[in-house]
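Have a look at the structure below before the remarks.
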Amino acid sequence: MAWQHEILMPTRKPVDSWETATPCCATFCVVSKRFKKNYIHRFTATPAFFLFSPWNPVRRACIFLSTNQYFDYVVMTTILLNCVFLAMTEPMEEAE
């Protein structure tokens, strides 16, 4: 499977002018392709869990998974199946 993501270098500028929530923190952007459209995902460049740097292989794998186009479908399918199985269960009878 080809790596479809492009990771941009850390920057201290917001992506858009309306994003001024954390102007002092370094961020980096991941451009992912989802069904012939490019999407920009913004992540903080500070260490995750005070352990994983932005270029750590574990963090890169998690970013790749969360920005993958099929990950959304897996999550939505899991939620829908959970709702179906919750609706199928029979209520417990009250003990006397």
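Read the figures in this text as sums done on the coordinates, not as results from a lab. For clarity, every value in this text was computed on a predicted model and none was experimentally measured. Cβ sites come from the backbone with ideal geometry, for glycine too, and all protein chains shown count toward neighbours.
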(message) Regarding region 50-64, can at least one residue be identified that is in a strand (DSSP E or B), basic (Lys, Arg), surrounded by 10 or more Cβ atoms within 10 Å (Cβ to Cβ) and without any contact (Cβ under 8 Å) to a residue 40 or more places away in the chain?
(response) no
(message) Need the failing condition index for residue 40 against (1) touching a residue at least 12 places away in the same chain (Cβ under 8 Å); (2) over 15 Å from residue 27 (Cα atoms); (3) not polar (S, T, N, Q), just the number.
(response) (2)
